[in-house]
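Step one of this worksheet: look at the structure below.
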Amino acid sequence: MLQIKDNTLVSLDLVERFFHCNLDDCLGECCIEGDAGAPLLPEEAERLTQLLPRILPYLSEKAQKVAEEEGVSYIDCDGDLVTQLVDGANCIFTTFAPDGKCLCALEKARREGEKDFFKPISCALYPVRLKEYDTFTAVNFHRWKICKGAEVMGRAKGIRAFEFLEAPLIRRFGKEWYDELATTAREYLRQNPGK
């Protein structure tokens, strides 16, 4: 683990592992796999609820119905606030491209000019998963077989996970935090050349 600032411990996997999302390989399966929706911060759920009238046109018909009847989030069996599901599997914000790829409706809207739309930080940070403790935040790298292609592509491009996730890490922790992580990570890799 690397300690960054006084309040975060970062898994060495984030530094040692190569990673670059490969949507052509995984088809965005992370949006439809799993037993719950994507983790949300309370302020994200509130913001998505406020933006719902503008979000609805980007959602599938089924997702629109769920959003209108049940909202955009719920508390799962572990007590976590997560995005609502459609058909018990797909994140409510999942859309599908003609080639079958899963795409985030919020990301699609943002690319089309809806600057207020951000996908949840838990999605933007994936494969990083955060665990909050009383005195620190653990920044962990989640390994999942559907992301094998992302690890292969990251290695081919020479991009480490922390580098690929620069923008969402800055969004979550700030530029000063990220700069310290990058400096510490590069020094660690220099001292451990086989990693």
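The values are calculated or read from the model by the stated rules, or taken from the named source; none is laboratory data. Every value quoted in this text rests on a predicted model; they were computed, and no experiment measured them. Note: ideal-geometry Cβ built from the backbone for every residue, glycine included; neighbour counts use all protein chains shown. Each accessible area value is taken on the protein alone, full model and side chains, heavy atoms only, with ligands, DNA and RNA left out. Shrake-Rupley method; radii C 1.70, N 1.55, O 1.52, S 1.80 Å.
Where in segment 124-180 are the helices (runs of 4 or more DSSP H), entirely inside, with at least 2 residues that are among the charged types (D, E, K, R)? First the steps, then the outcome.
Details: elements: 148-157, 161-164, 166-173.
Filter on segment 124-180 gives 148-157, 166-173.
For the subset of segment 130-147 comprising residues that are basic (Lys, Arg) and free of Cβ contacts under 8 Å to residues at least 60 places away in the same chain, which member is least open to solvent (accessible area, probe 1.4 Å)?
Looking only at segment 130-147, we keep the residues that are basic (Lys, Arg), and these are 131, 143, 145.
Subsequent filtering for residues that are free of Cβ contacts under 8 Å to residues at least 60 places away in the same chain retains 131, 145.
On the way: LYS131: 103, LYS145: 171 Å².
By that ranking, first place goes to LYS131.
Checking the conditions here, which among ILE32, ILE121 is out of contact with any helix residue (DSSP H, G or I) (no Cβ under 9 Å at 6 or more places or on another chain), within 30 Å of THR8 (Cα to Cα) and of a type in the set (Val, Ile, Thr)?
On the way: ILE121 fails: out of contact with any helix residue (DSSP H, G or I) (no Cβ under 9 Å at 6 or more places or on another chain).
The match here is ILE32.
Return the residue satisfying two criteria in turn: it lies in segment 50-78 and is on the phi < 0 side of the Ramachandran plot and part of a loop (DSSP other than H, G, I, E, B), and of such residues it is surrounded by the most Cβ atoms within 10 Å (Cβ to Cβ).
Step one: filter segment 50-78 for residues on the phi < 0 side of the Ramachandran plot, giving 50-70, 72-78.
After this cut, where a residue has to be part of a loop (DSSP other than H, G, I, E, B) as well, the list is 59-60, 72, 76-78.
Working: LEU59: 23, SER60: 16, VAL72: 25, ASP76: 15, CYS77: 7, ASP78: 9.
For segment 50-78, the residue satisfying everything is VAL72.
Considering segment 160-175 alone, what residues qualify as being open to solvent by 30 Å² or more (accessible area, probe 1.4 Å) and either without any contact (Cβ under 8 Å) to a residue 12 or more places away in the chain or among the small types (Gly, Ala, Ser) (or both)?
ALA167, ILE170, LYS175, listed by residue number.
Restricting to segment 79-91, name every residue that is small (Gly, Ala, Ser) and at positive phi. Walk me through how you get there before you give the answer.
At the first step, the residues of segment 79-91 found to be small (Gly, Ala, Ser) are 79, 88-89.
Matches in segment 79-91: GLY79, GLY88.
For residues in segment 88-107 being open to solvent by 20 Å² or more (accessible area, probe 1.4 Å) and more than 12 Å from SER60 (Cα to Cα), which is modelled with the highest pLDDT?
GLU107
Take ALA97 and decide whether it is out of contact with any helix residue (DSSP H, G or I) (no Cβ under 8 Å at 6 or more places or on another chain), closer than 23 Å to TRP144 by Cβ, among the hydrophobic types (A, V, I, L, M, F, W, C) and touching a residue at least 40 places away in the same chain (Cβ under 8 Å).
Values: out of contact with any helix residue (DSSP H, G or I) (no Cβ under 8 Å at 6 or more places or on another chain): yes; closer than 23 Å to TRP144 by Cβ: yes; among the hydrophobic types (A, V, I, L, M, F, W, C): yes; touching a residue at least 40 places away in the same chain (Cβ under 8 Å): no.
No; evaluated as a whole, the condition is false for this residue.
Restricting the search to segment 2-49, which residues are open to solvent by 40 Å² or more (accessible area, probe 1.4 Å), touching a strand residue (DSSP E or B) at 6+ places or on another chain (Cβ under 9 Å), touching a residue at least 60 places away in the same chain (Cβ under 8 Å) and more than 23 Å from PRO98 (Cα to Cα)?
ASN7, LEU9, LEU12, ASP13, GLU16, ARG17, PRO39, LEU41
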